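Student: Dropping the structure in here first, questions after.
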Amino acid sequence: MKKLLLLTTLFVALSSCTTKPELKVYAPTPEILPGATDLDAYLPLLEGKRVAILSNQTGMVTENRHVLDTLLARNVNVVSIFSPEHGFRGTADAGELVGNSVDGPTGVPISSLYDGKGGYPSDESISEFDVLIFDLQDVGVRFYTYNVTMGKMMYVCAKHGKKMIVLDRPNPIGFVVDGPILDMKFKSGVGWYPVPVCHGMTLGELALMINGEGWLPEHVKCDLTVIKCRNYTHQSRYVLPLKPSPNMPNMRSVYLYPSLCYFEATPVSLGRGTETPFQMYGHPNMKGYRFSFTPRSVDGAKNPPQIDQECYGVDLREHPSDEQVLEAGVNLEYIIDAYNNLHLEGHFFRSFFELLIGRDYVRKMIMEGASAAEIKAMWANDITFFKEQRKPYLLYEE
């Protein structure tokens with residue numbers, strides 16, 4: 001992999017300013033510039049238009065200036081904001097319903113797409129804009145819900161004759177393609193397209209593929225423009241400057257996420273309610289482990305699994321190395337270990353598991369004693385097929 005210099009992760013808040021800012025390029029990984037920084041490429045597309053923004057705390061243009069504030073400072077007519085899972089400020093729990101509100105600093109109304117109504121905006125809110133700006137930092141995993149939100153808004157824009165502009169951002173695991181392609185009988189809010197668990201694409205590339213492959217409902221096509229990242233390739237090691245969601249506190253959690261998220265469909269805790277979620281797993285009844293942790297009610301995880309219970313299990317905060325985690329891709333060894341340790345048999349997995357992993361053979365093979373390597377071999381052809389299928393839509397060098 002091409003190694004770039006890494007800077008310390010920055011945590012900044014959304015800010016508002018009424019004067020035109022001096023553009024300080026926001027590039028936490030040297031030389032890589034997200035699409036939002038290329039103002040000359042998309043500001044002309046907004047002239048005379050009523051503009052809506054779908055973004056959250058990750059939509060930064062400069063180190064201290066959000067895309068919302070950047071557009072308002074340039075007199076763009078921003079009429080509304082749409083917010084994804086976790087809300088516009090990125091503080092709500094996973095799956096927590098978020099109501100409509102108003103952005104305090106700017107007074108722009110916010111329509112939540114995570115209000116329990118299927119992820120689609122109201123007809124009234126659709127009628128208010130001409131162009132939708134989409135700017136969210138993704139983590140490159142199928143069941144991370146921002147890509148589903150993007151597809152639903154592509155469909156809305158296509159049906160209502162609206163233009164959509166995706167301000168592309170790097171995929172922090174854009175060099176990993178792994179996991180089974182989603183069986184569409186398991187299509188859900190955590191899996192909307194027939195892609196692997198780790199698709200290795202930016203959201204801009206994925207949007208082009210959604211359009212090109214006819215994956216939107218009724219096979220409609222969205223009037224789509226993607227503003228590319230600059231100096232990014234699929235071998236880049238891009239360090240996220242902000243938490244993309246409350247339980248993704250660092251790059252370690254991002255790298256382990258494709259292998260640990262399946263615990264959401266089991267009684268095992270993956271560390272929600274601790275300072276390092278998605279970097280450990282455990283259960284009160286797991287045997288043979290010295291490491292323990294106790295989930296608590298905290299911001300972003302108000303009622304985590306096994307709350308206030310001491311859980312015994314595995315600490316993944318430092319070992320294996322990041323390189324080993326990334327090389328392993330989707331690693332089922334962790335969930336196989338917990339399954340074999342707890343002896344819960346049919347009470348271990350919940351139906352949500354298939355929505356996450358995307359195939360029904362995985363649960364069966366785990367219960368029959370198959371190894372992680374044997375299961376991974378089952379989706380090898382999926383990866384070969386998908387890598388060829390996605391080639392026409394890639395915007396960046398592999």
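The values are calculated or read from the model by the stated rules, or taken from the named source; none is laboratory data. For clarity, every value in this text was computed on a predicted model and none was experimentally measured. For neighbour counting, all protein chains shown are included, and Cβ atoms are generated from backbone atoms with ideal geometry for every residue, glycine included.
Student: Using beta carbons and a limit of 9 Å, which pairs, at least six apart or on different chains, have the first residue in region 58-71 and in a loop (DSSP other than H, G, I, E, B) and the second one modelled with pLDDT under 90 and charged (D, E, K, R)?
Tutor: THR58/LYS243; GLU63/LYS24; ASN64/LYS24
Student: Just to be sure, is GLU345 of a type in the set (D, E, K, R) and in contact with an Asp or Glu (Cβ under 9 Å, 6 or more places away or on another chain)?
Tutor: no
Student: Which numbered condition in (1) farther than 15 Å from SER259 by Cα; (2) in contact with a Gly (Cβ under 8 Å, 6 or more places away or on another chain) is the only one that VAL197 fails?
Tutor: Failing condition for VAL197: (1).
Student: What residue, of TYR334, TYR312, TYR289, TYR393, is touching a Leu at 6+ places or on another chain (Cβ under 7 Å) and either assigned by TED's automatic domain parsing to the domain that holds CYS261 or under 22 Å from PHE186 (Cα atoms) (or both)?
Tutor: After applying the criteria, what remains is TYR334.
Student: Next up: Spot the failing condition for LEU224; the list is (1) under 18 Å from the mean Cα position of the chain (by Cα); (2) farther than 24 Å from GLU327 by Cα, and only one is missed.
Tutor: Against the list (1) under 18 Å from the mean Cα position of the chain (by Cα); (2) farther than 24 Å from GLU327 by Cα, LEU224 comes up short only on (1).
Student: Give LYS302, LYS376 a once-over and let me know the one that is surrounded by 18 or more Cβ atoms within 10 Å (Cβ to Cβ) and among the basic types (Lys, Arg).
Tutor: Testing whether each residue is surrounded by 18 or more Cβ atoms within 10 Å (Cβ to Cβ) and among the basic types (Lys, Arg) leaves just LYS376.
Student: Given the options PRO217, PRO194, name the one that is within 21 Å of VAL139 (Cα to Cα), surrounded by fewer than 21 Cβ atoms within 10 Å (Cβ to Cβ), touching a Phe, Trp or Tyr at 6+ places or on another chain (Cβ under 8 Å) and assigned by TED's automatic domain parsing to the domain that holds ARG142.
Tutor: Matching residue, one of PRO217, PRO194: PRO194.
Student: Checking GLU374 against (1) touching a Pro at 6+ places or on another chain (Cβ under 7 Å); (2) free of Cβ contacts under 8 Å to residues at least 40 places away in the same chain, which single condition isn't satisfied?
Tutor: Only one criterion is unmet by GLU374, namely (1).
Student: Moving to a separate point now. Within region 151-188, can you find the residues that are touching a residue at least 60 places away in the same chain (Cβ under 8 Å), touching a helix residue (DSSP H, G or I) at 6+ places or on another chain (Cβ under 7 Å) and part of a helix (DSSP H, G or I)?
Tutor: GLY151, MET154, TYR155, PHE186, listed by residue number.
Student: Of (1) in a helix (DSSP H, G or I); (2) of a type outside the set (S, T, N, Q); (3) over 24 Å from GLY179 (Cβ atoms), LYS287 satisfies all except one. Which?
Tutor: (1)
Student: Just checking, how many residues over region 46-61 are over 26 Å from the mean Cα position of the chain (by Cα) and either within 21 Å of VAL148 (Cα to Cα) or basic (Lys, Arg) (or both)?
Tutor: Number of matching residues: 2.
The rows are residues; the columns are (1) under 23 Å from ARG169 (Cα atoms); (2) out of contact with any Asp or Glu (no Cβ under 6 Å at 6 or more places or on another chain); (3) not in a helix (DSSP H, G or I).
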{"site": "MET365", "(1), (2), (3)": "no, yes, no"}
{"site": "ALA370", "(1), (2), (3)": "no, yes, yes"}
{"site": "ALA377", "(1), (2), (3)": "no, yes, no"}
{"site": "THR384", "(1), (2), (3)": "no, yes, no"}
{"site": "LYS387", "(1), (2), (3)": "yes, yes, no"}
{"site": "LYS391", "(1), (2), (3)": "yes, yes, no"}
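Student: Here's something else I'd like to know. Hey, GLY200 hits all of (1) in a loop (DSSP other than H, G, I, E, B); (2) at negative phi; (3) touching a residue at least 24 places away in the same chain (Cβ under 8 Å) but one; which does it fall short on?
Tutor: If we test GLY200 against (1) in a loop (DSSP other than H, G, I, E, B); (2) at negative phi; (3) touching a residue at least 24 places away in the same chain (Cβ under 8 Å), just (2) comes out false.
Student: Do the conditions hold for PRO241, that is, is it part of a loop (DSSP other than H, G, I, E, B), touching a Leu at 6+ places or on another chain (Cβ under 7 Å), at pLDDT below 95 and not aliphatic (A, V, I, L, M)?
Tutor: yes
Student: Output the residues belonging to region 214-232 that are over 24 Å from PRO172 (Cβ atoms) and assigned to a loop (DSSP other than H, G, I, E, B).
Tutor: GLY214, LEU216, VAL220, LYS221, CYS222
Student: Let me ask something else about it. Restrict the check to region 177-187 and report whether at least one residue is assigned by TED's automatic domain parsing to the domain that holds TYR120, over 17 Å from ARG50 (Cα atoms) and under 13 Å from the mean Cα position of the chain (by Cα).
Tutor: no
Student: Taking region 248-270 as the search range and keeping residues that are closer than 19 Å to PRO172 by Cβ and among the small types (Gly, Ala, Ser), which one is surrounded by the fewest Cβ atoms within 10 Å (Cβ to Cβ)?
Tutor: For region 248-270, the residue satisfying everything is SER253.
Student: Just to verify a result, which residue in region 62-84, among those that are within 21 Å of the chain's Cα centre (by Cα) and farther than 16 Å from GLY35 by Cα, is modelled with the lowest pLDDT?
Tutor: By that ranking, first place goes to PRO84.
Student: Right, something else. State yes or no: is ILE307 part of a helix (DSSP H, G or I), modelled with pLDDT of 95 or more and either of a type in the set (A, V, I, L, M) or assigned by TED's automatic domain parsing to the domain that holds TYR193 (or both)?
Tutor: No; evaluated as a whole, the condition is false for this residue.
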